[in-house]
Amino acid sequence: MQFLTSLVLAAFVGYAGAWYLGVIEGNFALLLLLATVITGIYWLAERFVFLPQRQKAAAQLEAETAQRRAELAKMGIDKVDTDIGEARDKLLMQPWWLDWTAGLFPVIVVVFILRSFLFEPFKIPSGSMIPTLHIGDLILVNKFHYGIRLPVANTKLTEGTPVQRGDVMVFRYPPKPSVDYIKRVVGVPGDEVAYLNKSSASTASPCPPKPCPTFLTSRPCATSNTTARPWGPSRTRPSRMTIALRSYPVRIPLLAVTIATTPLKA
């Protein structure tokens, strides 16, 4: 078991090292699931196999010591300098390979449950959410608000609360699932969203008759049946290349809804 455990631990270290060096694209959810399953197996083996064996060996040592003392007492030897406390403690002590597996299982399973079903920490990587969220900010995401999902398989178990406009959501970038995107919801299924005058507009509800923030533009919202919000802190008009990049249909992965955008005129 020592050799097998050494191979398992070496595999975990190798995977984490290759992920850190950028050799492979890691999956922390999968790594945490495997760690939970493997340490759980060791924990069950320790509880129902290895620990009873050690307890049996310690009890046998005590029985042999008591028998020896009885035999010496029959011979008239009453004082015996035999202390089995240290030997008994060594027999009951967990070996290192169980200490690094079964001993870590309670901590790993708590982290797995919290991260997979309740809350997960994220760090803001870019300034796309300024001024709401800044680069380097740490946020704690509620993972059961929109429904509980199975880890790794990502199968939805409960429906949860429907997505609403204005919610800040974290979702996986479809071409590269290891990358997490943190964005604000500007449209839900059935909405028509357009990018006009440096603002995103949705036809879902009427727009209040007031100018948009001055750091973007002083013009009022385009129509009375749209809602608009600032789109980034830029002071300059987007270039032709930027407009071209924003003119194709995009998809919100978490909502599975296509949102068509309208390019600005040069």
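All of the numbers you see were taken from the coordinates with simple rules; none came from a lab. Keep in mind that this is a model prediction, so the values were computed, not measured. Quick reminder, even Gly has a Cβ in these numbers, built from the backbone with ideal geometry, and neighbours come from all protein chains shown.
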| task | Enumerate the amide H contacts of residue 146 below 5 Å, restricted to partners 5 or more residues apart or on another chain; note that Pro and chain-start residues carry no placed amide H. | result | 161
| field | Segment residue 69-residue 56, length gained on full extension (0.36 nm per residue, minus Cα span) | value | 2.7 nm
| Cβ under 11 Å from residue 160's Cβ, residue 160 left aside: what net charge do those residues give with Lys, Arg +1 and Asp, Glu -1? | +2
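Between residue 2 and residue 34, 0.36 nm times their residue separation minus their Cα-Cα distance comes to what?
9.6 nm
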| task | Could you point to the residue in 75, 91, 37 farthest towards the positive end of region 35-92's charge dipole, with +1 and -1 charges on the Cβ of Lys/Arg and Asp/Glu respectively? | result | 37
| request: Neighbouring Cβ atoms within 10 Å as the yardstick, rank 96, 43 fewest first. | output: 96, 43
| said: What does the C-alpha gyration tensor say about the overall shape of region 120-184? Classify as rounded when a/c is under 1.5, otherwise prolate if a/b is larger than b/c, or oblate. | reply: prolate
